[in-house]
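Notes follow the structure.
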4 protein chains.
Amino acid sequence: MILHLKTNTPKNILKDYCTKTNAFINKKDSFIQIVNSSSYKVANDELNPFVIKTFVFDSDIQLASLKYSAHKQINIDQLTIGRNSSQFPIIMGPCSVETETQLKEVANFLIHNKLHCIRAGAYKPRTSPYSFQGLETKGLELLKSTAKTNNLITFSEAKDASQIKELIDSVDVVQVGTKAMYDQGILKALGKSDCTVLLKRGFGSTIQEFVQAAEFILCEGNENVILCERGIRTFENKTRFTLDLCGVAWLKHNTNLPIIIDPSHALGSSYGIADLSKAAIAMGVDGLLIETHPNPKQAQSDAEQQLNFDQAKELLEQVQPYLKIQKRILY
Amino acid sequence: MILHLKTNTPKNILKDYCTKTNAFINKKDSFIQIVNSSSYKVANDELNPFVIKTFVFDSDIQLASLKYSAHKQINIDQLTIGRNSSQFPIIMGPCSVETETQLKEVANFLIHNKLHCIRAGAYKPRTSPYSFQGLETKGLELLKSTAKTNNLITFSEAKDASQIKELIDSVDVVQVGTKAMYDQGILKALGKSDCTVLLKRGFGSTIQEFVQAAEFILCEGNENVILCERGIRTFENKTRFTLDLCGVAWLKHNTNLPIIIDPSHALGSSYGIADLSKAAIAMGVDGLLIETHPNPKQAQSDAEQQLNFDQAKELLEQVQPYLKIQKRILY
Amino acid sequence: MILHLKTNTPKNILKDYCTKTNAFINKKDSFIQIVNSSSYKVANDELNPFVIKTFVFDSDIQLASLKYSAHKQINIDQLTIGRNSSQFPIIMGPCSVETETQLKEVANFLIHNKLHCIRAGAYKPRTSPYSFQGLETKGLELLKSTAKTNNLITFSEAKDASQIKELIDSVDVVQVGTKAMYDQGILKALGKSDCTVLLKRGFGSTIQEFVQAAEFILCEGNENVILCERGIRTFENKTRFTLDLCGVAWLKHNTNLPIIIDPSHALGSSYGIADLSKAAIAMGVDGLLIETHPNPKQAQSDAEQQLNFDQAKELLEQVQPYLKIQKRILY
Amino acid sequence: MILHLKTNTPKNILKDYCTKTNAFINKKDSFIQIVNSSSYKVANDELNPFVIKTFVFDSDIQLASLKYSAHKQINIDQLTIGRNSSQFPIIMGPCSVETETQLKEVANFLIHNKLHCIRAGAYKPRTSPYSFQGLETKGLELLKSTAKTNNLITFSEAKDASQIKELIDSVDVVQVGTKAMYDQGILKALGKSDCTVLLKRGFGSTIQEFVQAAEFILCEGNENVILCERGIRTFENKTRFTLDLCGVAWLKHNTNLPIIIDPSHALGSSYGIADLSKAAIAMGVDGLLIETHPNPKQAQSDAEQQLNFDQAKELLEQVQPYLKIQKRILY
């Protein structure tokens, strides 16, 4: 249940109620917002006189629900992301930061193609300890300095709760990766910051759990959450994962958060990324996240699925007419 | 392996080889085509002098492979369906034939919207014996007469091998439903006919098995096979199935058969059908199959996912700009 | 709903009601049983005076439900199969009938190990048209003659509705294979016979659909249905399928039909078959179906998963103490 | 590749090689063990003179592989766990620590039934922020003091990297929960400790990834890792998850680590836990983890699946004959 309370609600009544029902409190401009389990359907006698509005729900998808609020927009620097924004970010860059030269080449490519968002991983949540694990702090520094020089918005991933503060301090948008979606150490730290969060769906996670992971951030007071569908694990093995656009249809129909698609990790191969990007745009999503590398064959991770610059350029050209129908401009 | 042989290949050599290797023989205009397991990589000494061309493959996706032939087009009446056709069929109609009035209303809707293809089930492969099982022969007759009056192309589904002949004789395009994809009684009968086949992917079937089901039809000599992706079964339960557009990207990249998408069965709800239709068109598929009913709430099957005529009309309008980019005209 | 009606219920009232509600009628010794959709909760005014007992259900699992009847036993020759039987059949034999010699060797193995049930496929529902498809009619004849000489109970699979009558006439127990579970041509023909049916779960089918497939047979009047769990398709790819023993726990707790486990198809390798067999016995199932071949390496299908005779013998020894706890004797 | 090197291998050569190939070094009694990616198949010229033995692998399952070492045993207090141990731990206790009284009742139950291992969660990785999140530090203290009084071995779960040190200091066995399996912050901290680890399989994780998660701990030098299968997420929805005993067969056949089964989370209901426990024992696993609560209906989490004491007692009696066959004694 979400309650909007008068700003003059007595502190002791508020505190008592919230302790008793494990509710989260966020002070807004003209009201106090409190959220507790969807099993609650009415406030209690003490609180009732101060209730402005009550929102009840079938499940714990509450703050993220379209029933609670219209589609949200998130501002990052000059970029506004969301259903009603005219800007459409295509966030490109390599799976991993590898060298300064690599990042410079990527930045050049982005600038020449009028893109403003760069992605690159410094902490890589690999499934084997014997694979390349990322350049870590050094990688983040390379990303920051390249972005600063070229005036780019940075996206990079937190691997686990032990680096989350470093990430929040280093990048514009913290990605929560598919393997970290349930990581409450990450989610709570992000909730307590005002950092923009790109929350990826766990590949074994239901839509319900995915949006509830967003609720972990929202209920702490941080409203800057972007949902990212990146493919789920199914029995099909010709592709790396299965991009769940039925799930995206559900999210569009039921939630108020911006939605971004990552076709690269879903397909796991470069050949169909442009097609899936066009499909995602036609569905009306709010941005794309695409792996691009100066020389994918030599990439230290995800070599198969990263686009080279020619492929990336071709993709950017191919999506233009679809963006035009959506009245969106590439950012 | 596929071999193209000279038309003067001696019958006994041909027959010996085919018996020994379980090969299928099809006479083409200027050569004899034989196909056997992909484990074969060369012909034998007797056959060698008559070989025009040899095609070898990694798996039993052979006749359907882009390595063997360019994208195929299939002609049904005035409709040409395939990657390079300018026509784009949106096949609409109810899940089940229910009454003559119902079909007439659907036919009127189609004609007024310049559509030429009607779908409706007479044999319904329900999962419970206690549900409505379809009007069977009577349903097929209603469909035939409505289509004849209105000059429509008919699509209807075979439930199992016991009605396959009736279907072949009654409709323009025989659908092989998702639960019948492995049914060799159906596949072989269709292979021996020259009927156009819309082969739906089994919801528990891999892409490899799906295309191999098409090979059962193709190897018997019937080249008129359309592939239809309609969603696979995954752990996600907010939607009925998960539409596998990564799989479609693979099919486009590797096979020569036309591809149609059925968003209705994938999503299982009417709300996102237009979005998924736009996505499919943007990906470059060759047609859509969409459930439409004069009064979905009273439908005897699939009530949730059928569009009413207002929703269907809206969808047809919304997809127009996407078809234009693809240089396709609604049919 | 299932109704038990007095034997003197007037025919016209009965017929009217059954036509109106799509109900199935079966005459039992002391009552008339009718079954229609679980959405019905009460009979109507005309029928009410003749109702002996009414059974209502949450879903269309009705005749198979433990709420309707206690655990059933099925008699096949000298074998009684079911929860309370002291006999425990381990049905062994090759994936496919290949030669007379092969079947004789299998029969000898069975007899020397006091087993009485042989399995072997004559119609093979392969996923590629270019693989071995079984010896068909000839295979069934070999199986029949071998079984007759050695007094064995025969189990063999129907591929699709076009051979179902031949199967019913040829073997003691007709297997409905995993790819044919939804085949209503097969299910209805079996329902109208009195043949014992071993119904395998579709690898993409829910437990609900699996038991409803059994209902297709039961509602036609044939009560001789055995359920067989043989693995479902999941994301895990180190094993061929995933044996669903949680599902078996549900079936044991909720249905009245005998349950058999096929570990061979689930695992797809010979190494763990004995372990899975012991697990199944410890859970309290009613029999096992295990692929055994005189020379698995040369088998024309499923070479990886068939046990050789040494492995099969070892398995039979290893399961003995577990059968003893269950108070079951190998049959 | 794993190399066993002479103890006199020059430090600079060792260091050079390990830096170049990202290898992990562990000093053993009579050799130096180094491990790097399975893509390496031979040492280099500098290192070669010091190589005692080389182990090469198909995949990054290396230290955990049966090809590298025989089945391992792990000692925790008086308990030895592993394939060849005569002790069989059944670890029981509530999902969450709730009150001191609750834990005392559980401890009494365990002692009266000669069990020595208690499980209880203090940090609960719930999927909704609005559910009970556990008593955290206070919960750990209650668990510690109850265990100390009653001389019990404690098992409790780390939620994310932010509490891992507290867990290591507080309990005998740290559980890595299904949602934390990929959490490298947790895995690395455990690898650097000598704490016994119960590593649960992620419900969306392949067996390959599961064992590679164990490799993250093993390669840091901590050999005390127990694998725990607890069900994977599939399309089946009558049960909470699907217990993957085919996967367990693979693990037994290919890895050297002890294996424990958690039937409670797999099934998600109390009714079939005893059956699944018997199945697991019959397969030859090394222990069970079962949720037990004095009053499951009032439990703050997992109410459906926790056994009450009567059910737990019945289970302990029912498994006895199966343990006897395995020559194992309840611990």
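Points worth noting:
- Scan of the stretch A:211-224 for residues that are away from every other protein chain (no Cβ under 11 Å) and either in contact (Cβ under 8 Å) with a residue 60 or more places away in the chain or surrounded by 23 or more Cβ atoms within 10 Å (Cβ to Cβ) (or both), ordered by number: A:Gly221, A:Glu223, A:Asn224
- Matching entry among B:Asp302, B:Asp310 (being among the charged types (D, E, K, R) and within 27 Å of B:Ile76 (Cβ to Cβ)): B:Asp302
- Residue in the stretch A:225-243 that is among the polar types (S, T, N, Q), touching a residue at least 12 places away in the same chain (Cβ under 8 Å), more than 12 Å from chain D (Cβ to nearest Cβ) and surrounded by fewer than 24 Cβ atoms within 10 Å (Cβ to Cβ) present: yes
- Applying the condition of being within 11 Å of chain D (Cβ to nearest Cβ) and assigned to a helix (DSSP H, G or I) to the stretch A:127-174 and asking which residue is farthest from the chain's Cα centre (by Cα) yields A:Ser162.
- Scanning the stretch B:131-168 for residues that are among the hydroxyl-bearing types (Ser, Thr, Tyr) and at pLDDT 95 or above gives B:Thr137, B:Ser145, B:Thr146, B:Thr149, B:Thr154, B:Ser156.
- Every listed requirement among (1) surrounded by fewer than 24 Cβ atoms within 10 Å (Cβ to Cβ); (2) closer than 30 Å to B:Phe203 by Cβ; (3) away from chain D (no Cβ under 12 Å); (4) not charged (D, E, K, R) is met by A:Leu199 save one, (1).
- Evaluating B:Ser69 against the criteria (1) assigned to a strand (DSSP E or B); (2) outside the structural domain of B:Lys148 (by TED's automatic domain parsing) leaves one unmet condition, (1).
- Per the listing B:Ile25, B:Ile52, B:Ile118, the residue uniquely free of Cβ contacts under 8 Å to residues at least 24 places away in the same chain and part of a strand (DSSP E or B) is B:Ile25.
- Qualifying residue in the stretch B:279-295 (condition: surrounded by 20 or more Cβ atoms within 10 Å (Cβ to Cβ) and farther than 22 Å from B:Lys114 by Cβ): yes
- Residues of the stretch C:189-236 satisfying the condition of being β-branched (Val, Ile, Thr) and under 13 Å from the mean Cα position of the chain (by Cα): C:Thr196, C:Val197, C:Val211, C:Ile217, C:Val225, C:Ile226
- Each residue in the stretch A:291-303 was checked for being touching a residue at least 40 places away in the same chain (Cβ under 8 Å) and either within 14 Å of chain B (Cβ to nearest Cβ) or out of contact with any helix residue (DSSP H, G or I) (no Cβ under 6 Å at 6 or more places or on another chain) (or both), and 5 pass.
- The one condition in (1) closer than 30 Å to B:Glu100 by Cα; (2) of a type outside the set (Ser, Thr, Tyr); (3) in contact (Cβ under 8 Å) with a residue 60 or more places away in the chain; (4) out of contact with any Asp or Glu (no Cβ under 9 Å at 6 or more places or on another chain) that B:Asp310 fails to fulfil: (3)
- Tally, over the stretch D:135-182, of residues that are small (Gly, Ala, Ser) and over 23 Å from A:Gly202 (Cα atoms): 5
- Hits in the stretch B:243-270 - residues which are within 20 Å of B:Asp60 (Cβ to Cβ) and either among the charged types (D, E, K, R) or not in a helix (DSSP H, G or I) (or both): B:Lys252, B:Thr255, B:Asn256, B:Leu257, B:Ile259
- Of all residues assigned to the stretch B:84-97, none qualifies as being surrounded by fewer than 20 Cβ atoms within 10 Å (Cβ to Cβ) and either over 30 Å from B:Arg119 (Cα atoms) or of a type in the set (D, E, K, R) (or both).
- Verdict on A:Ser270 being in contact with a Pro (Cβ under 9 Å, 6 or more places away or on another chain) and at pLDDT 95 or above: yes
- Scan of the stretch D:91-145 for residues that are farther than 30 Å from A:Ile61 by Cα and among the hydroxyl-bearing types (Ser, Thr, Tyr), ordered by number: D:Thr101, D:Ser145
- Verdict on D:Gln208 being within 12 Å of chain A (Cβ to nearest Cβ), touching a residue at least 60 places away in the same chain (Cβ under 8 Å) and surrounded by fewer than 24 Cβ atoms within 10 Å (Cβ to Cβ): yes
- Within the stretch A:299-317, tally of residues that are out of contact with any Leu (no Cβ under 7 Å at 6 or more places or on another chain) and not in a helix (DSSP H, G or I): 8
- Long-range neighbours under 7 Å by Cβ, at least six apart or interchain, first residue assigned by TED's automatic domain parsing to the domain that holds C:Lys104 and without any contact (Cβ under 8 Å) to a residue 40 or more places away in the chain within the stretch C:137-162, second of a type in the set (Val, Ile, Thr) and surrounded by fewer than 16 Cβ atoms within 10 Å (Cβ to Cβ): none
- Among the residues of the stretch D:175-196, the ones that are facing chain A (nearest Cβ under 7 Å) and touching a residue at least 60 places away in the same chain (Cβ under 8 Å) come to 0 in all.
- The stretch D:35-63 - residue that is surrounded by fewer than 17 Cβ atoms within 10 Å (Cβ to Cβ) and within 14 Å of chain A (Cβ to nearest Cβ) and, of those, nearest to D:Ile217 (Cα to Cα): D:Ser59
- For C:Leu66, the criteria (1) in contact (Cβ under 8 Å) with a residue 40 or more places away in the chain; (2) among the hydrophobic types (A, V, I, L, M, F, W, C); (3) more than 14 Å from every other protein chain (Cβ to nearest Cβ) hold in every case but one, which is (3).
- When residues of the stretch B:244-272 are limited to those that are surrounded by fewer than 24 Cβ atoms within 10 Å (Cβ to Cβ) and in contact with a Lys or Arg (Cβ under 6 Å, 6 or more places away or on another chain), the one farthest from the other protein chains (Cβ to nearest Cβ): B:Asn256
- Residues of the stretch B:151-189 classified as within 21 Å of B:Leu103 (Cα to Cα) and out of contact with any strand residue (DSSP E or B) (no Cβ under 8 Å at 6 or more places or on another chain), total: 4
- Test: residue in the stretch D:312-331 that is of a type in the set (D, E, K, R), surrounded by 19 or more Cβ atoms within 10 Å (Cβ to Cβ), touching a helix residue (DSSP H, G or I) at 6+ places or on another chain (Cβ under 9 Å) and modelled with pLDDT of 95 or more: yes
- Number of residues in the stretch C:20-34 that are among the hydroxyl-bearing types (Ser, Thr, Tyr) and within 14 Å of chain B (Cβ to nearest Cβ) equals 1.
The values are calculated or read from the model by the stated rules, or taken from the named source; none is laboratory data. On a predicted model such as this, the values are computed, not experimentally measured, just so you know. Note that each Cβ is placed from the backbone with ideal geometry, even for glycine, and that neighbours are counted across all protein chains shown.
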